[in-house]
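Shown next, in structure tokens, is the structure this report addresses.
Bear in mind these aren't lab numbers, they're just calculated from the coordinates by the rules spelled out. Predicted model only: the values in this text are computed from it and were never measured. All Cβ positions, even for glycine, are placed from backbone atoms using ideal geometry, and neighbour counts span all protein chains on display.
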Amino acid sequence: MLVGRENITLDQIAEFSIVTYDNDFTGRSHIDQAFADAGVIPDILLTAIDADVIKTYVELGMGMGISLVAAMAYDAKRDSELVALDTQHLFEASTTRVGLRKGTFLRSYAYRLIEMFALQLNEAQIAAQLREVA
């Protein structure tokens, strides 16, 4: 079991069947690259494009109950049946980008979404960027 261990290794993770992102998901390449660089072959049991689907399979006991998902996909309240383990030392960070056309009108929920990705920005700053002329 991995729970309770500190500084988990890729070798330790590879001892279990893993449910993770589909190959077409951009973050999956970081997972594959980390294992390849370490010379470790993971046992990928199942893949999906949605973190909630991945987490549900783990909750249902698919494989050995191990999944690899982005940290932002885990919510301690909502995912109370799961345990999140720190693996940031094993995988390269992924970057999320939001592209918008200048002059675009955004509804408040779109601003909230962008603020979730870019904590250093607020609605006024985002609106100012959208008004700037290239």
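Here the gap between Ala118 and Ala73, fully extended at 0.36 nm per residue and compared with their Cα-Cα distance, gives a gain of 14.6 nm.
Sum -39500 (n - 2.57) across every DSSP H segment of at least 4 residues in the chain, then divide by the residue count to get the 222 nm mean residue ellipticity, nearest 500.
Numbers: 5 runs with 43 residues, N = 134.
Helices in the chain give a 222 nm mean residue ellipticity of -9000 deg cm²/dmol.
A protection proxy built from the mean count of other Cβ atoms within 10 Å ranks the segments 98-105, 86-93, most packed first, as 86-93, 98-105. Each Cα pair under 8 Å and six or more residues apart adds its sequence gap; the mean of these over the residue count of the chain is a relative contact order of 24 percent. Spatial offset of the stretch 79-109 relative to the stretch 39-62 amounts to 19 Å, using the alpha carbon center of each. Relative to the longest principal axis of the Cα atoms of the chain, helix 28-38 runs at roughly 40 degrees. Panel note: the C-alpha atoms of the stretch 1-94, placed on their principal axes, show extents of 34, 31, 24 Å (largest first). Which one of Ile41, Thr96, Leu113 is farthest out on the positive end of the charge dipole of the stretch 22-134, using unit charges on Cβ (Lys, Arg +1; Asp, Glu -1) and the Cα centre as origin? The Cα lying farthest towards the positive end belongs to Leu113.
Each of Glu81 and Gln129 was given a label point 7 Å from its Cα along the Cα-to-Cβ line. The distance between the two points is 3.8 nm.
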